[in-house]
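Single-structure report; data block below.
The values are calculated or read from the model by the stated rules, or taken from the named source; none is laboratory data. In this text, all values refer to a predicted model and were calculated from it rather than measured experimentally. Neighbour counts are summed over all protein chains in view; Cβ atoms, including those assigned to glycine, are modelled from backbone coordinates with ideal geometry. Calculation scope for accessible area: heavy atoms of the full protein, side chains included, ligands and nucleic acids excluded. Shrake-Rupley method; radii C 1.70, N 1.55, O 1.52, S 1.80 Å.
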Amino acid sequence: MKDKVAAANQVNDLLKTILAQGGFKLKYRITVNPPQPADSDWAQPDISVDFAGPHSALLLERGGEVLNAFEHLTLKALRLENEEHDRISFDCRNSKAVRREELRMAAEVAAERVRKTNMPYHFAPMNSRERRMLHMVLGKSADLRTESEGEGSRRCVVLYPKDYKGGVVAKPFGRSRR
């Protein structure tokens, strides 16, 4: 992204249209180069958009599908390449920070489980951004390795002991085994 301010202005124009045409009662704040928390393991976006207002709950329903859709439309409108998708982040009610902490805790629990059992662990399917977060956090462990597996909405991260050679992989409870 060459000109972050110009990109932020494009985001603003797009959001004005989407919110007006969709009848959403939302306000938003666009920040270019937001400050990064000192203890953050995650990549900091170049542009962040935070939503608030009476329709905030709509953005977060069903795992934040509408919030993710707004973000996706913006990425397409800005014509960003896949490797640049982390440069823009949409959030509402600090939901992404909460989800990052959930992923961090799930990674810690899974890492301990893999270390104790010496067997791989399948995380539940998740979007590409969340999978990338798991790969980043777990990639710091010299005794473990991660891979993504599956396709589309069923794509997930699998955590392996570093020298794992094969065998049956345990999948989390509550998922179909088709």
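Some points to look at:
- Note on segment 1-26: among residues that are β-branched (Val, Ile, Thr) and more than 17 Å from Leu80 (Cβ to Cβ), the one that is nearest to the chain's Cα centre (by Cα) is Ile18.
- Residue within segment 37-50 that is over 28 Å from Pro161 (Cα atoms) and in contact with a Leu (Cβ under 6 Å, 6 or more places away or on another chain) present: no
- Test set (1) open to solvent by 30 Å² or more (accessible area, probe 1.4 Å); (2) touching a Cys at 6+ places or on another chain (Cβ under 8 Å) - Gly22 fails condition number: (2)
- Scanning segment 108-130 for residues that are touching a residue at least 12 places away in the same chain (Cβ under 8 Å), within 11 Å of Leu159 (Cα to Cα) and outside any loop (DSSP other than H, G, I, E, B) yields a count of 6.
- Subset tally (residues that are under 18 Å from Ala111 (Cα atoms), open to solvent by less than 50 Å² (accessible area, probe 1.4 Å) and assigned to a loop (DSSP other than H, G, I, E, B)) for segment 131-156: 1
- Filter pass, Ala8 being touching a residue at least 12 places away in the same chain (Cβ under 8 Å), open to solvent by less than 50 Å² (accessible area, probe 1.4 Å), closer than 26 Å to Met136 by Cβ and aliphatic (A, V, I, L, M): yes
- Test: residue in segment 74-90 that is outside any helix (DSSP H, G or I) and surrounded by fewer than 16 Cβ atoms within 10 Å (Cβ to Cβ): yes
- Flag for Tyr160 being assigned to a loop (DSSP other than H, G, I, E, B) and surrounded by 14 or more Cβ atoms within 10 Å (Cβ to Cβ): no
- Test: residue in segment 22-36 that is outside any helix (DSSP H, G or I), closer than 21 Å to Leu103 by Cβ and in contact (Cβ under 8 Å) with a residue 60 or more places away in the chain: no
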